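Take a look at the structure below.
The values are calculated or read from the model by the stated rules, or taken from the named source; none is laboratory data. All of these numbers come straight from a predicted model, not from anything done at the bench. Virtual Cβ from ideal backbone geometry, glycine too; neighbours counted across all protein chains shown.
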Amino acid sequence: MFCAIRLPAPLQRYLNGSVDALLSGAPGRRNNFAWPLREEALLPASSMSWRVLKNPIALFIGGTAAVILELSDPAVRAGVWEHSSFRQDPMGRLQRTGLAAMISVYGARSVAEPMIARVVRMHATVSGTTAAGIRYCASDPQLLRWVHATASFGFAQAYSRYVDPLSARNFNEFYAEGAPVSRLYGAIDAPRSAADMQALFESARPRLNPSPIIFEFLRIMRETPALPRPLRWLQPVLLRAAVELIPERLRASLGLSEQHGLRRHERRLATWAGACADRIVLPASPAVQSCLRLGLPMTYLYS
């Protein structure tokens, strides 16, 4: 049975407003997931993806882990670091990336498909050369496969470890659901199971390497106020929780030592935060708005 956490009214309003502001994107722009009425998303409301991605703690931890994994690939690293506004406007970049992910899962098809097409066109204009002299293009299906796989891995692992444990079947469902959406972005043969994901990580290992950019990313994330003010003290803990999601052998090869991971008491804190976030229903969240769009109760995904 669903048991919501009842927050003091001022805090509830503040958090709801923070979510609304975070997902409004550019100034003056609104992104209402509650419209058009009754229009389905790319994935059904009954999917594992809708369940997992509703949790903001899992999103933050999993998204951070995904970027660490992306930056470990030299070609993706060059594309992200040289052709994005992350260093100059980290919060704006986080907003746009998070909004795109939410639209891909929860947005109505008539909103999601044109948005994805715009991203694909943008990727086609991004190309360059890595420090080692290797040419890359952001529309390369293999690079896109890595980017989308690391996002799926990060979100699923974060939810399972810090919110509610997922079974092997749950992981397989989550990865299989995401593959068709990834294909719309140009990611061919995205992992459709935990076994596929493990095989991809093993095949990618030889080309992954450490870089100061990974540590610069973590520094920016520590210093950028990404969480609402009452929760900002939690941000460093969630960043260390993200580091802990990186497979141990890879974490060591990237130079991410124990000091970059969680302390014992922080592990319990991250789990507490994730579990609490799974019981707080915020009307402005894409998950809740999208349920309302389909005529479902606000608490549909929280039961």
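Structure summary
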read-out: Selection from region 47-71 of residues that are touching a Lys or Arg at 6+ places or on another chain (Cβ under 9 Å) and charged (D, E, K, R); value: Glu70
read-out: Filter result (touching a residue at least 60 places away in the same chain (Cβ under 8 Å), in contact with a Phe, Trp or Tyr (Cβ under 8 Å, 6 or more places away or on another chain) and within 20 Å of Val67 (Cβ to Cβ)) within region 246-272; value: Leu250, Ala270
read-out: Matching residues in region 158-189 - criterion: being of a type in the set (S, T, N, Q), crowded, with 16+ Cβ neighbours inside 10 Å and closer than 21 Å to Pro247 by Cα; value: Ser160, Asn170, Asn172
read-out: Counted residues, region 39-81 - those being assigned to a helix (DSSP H, G or I) and of a type outside the set (Phe, Trp, Tyr); value: 27
read-out: Filter result for Arg232 (more than 18 Å from the chain's Cα centre (by Cα), exposed (fewer than 14 other Cβ atoms within 10 Å of the Cβ), free of Cβ contacts under 8 Å to residues at least 24 places away in the same chain and more than 26 Å from Ser49 (Cβ to Cβ)); value: yes
read-out: Residue satisfying all of: in region 1-33; modelled with pLDDT under 70 and in a helix (DSSP H, G or I); nearest to Asn55 (Cα to Cα) among these; value: Leu22
read-out: In region 258-293, residue farthest from the chain's Cα centre (by Cα) [restricted to those that are surrounded by fewer than 17 Cβ atoms within 10 Å (Cβ to Cβ) and not in a helix (DSSP H, G or I)]; value: Arg263
read-out: Positions within region 162-181 being farther than 30 Å from Arg264 by Cβ, without any contact (Cβ under 8 Å) to a residue 40 or more places away in the chain and not hydrophobic (A, V, I, L, M, F, W, C), in sequence order; value: Arg169, Asn172, Tyr175
read-out: Cys291, sole failed condition from (1) within 20 Å of Leu53 (Cβ to Cβ); (2) in contact with a Pro (Cβ under 9 Å, 6 or more places away or on another chain); (3) modelled with pLDDT under 95; value: (3)
read-out: Single condition Gly255 does not satisfy, out of (1) touching a Lys or Arg at 6+ places or on another chain (Cβ under 9 Å); (2) surrounded by fewer than 21 Cβ atoms within 10 Å (Cβ to Cβ); (3) at pLDDT 95 or above; (4) not hydroxyl-bearing (Ser, Thr, Tyr); value: (1)
read-out: Test: residue in region 82-105 that is among the aromatic types (Phe, Trp, Tyr), in a loop (DSSP other than H, G, I, E, B) and out of contact with any strand residue (DSSP E or B) (no Cβ under 7 Å at 6 or more places or on another chain); value: yes
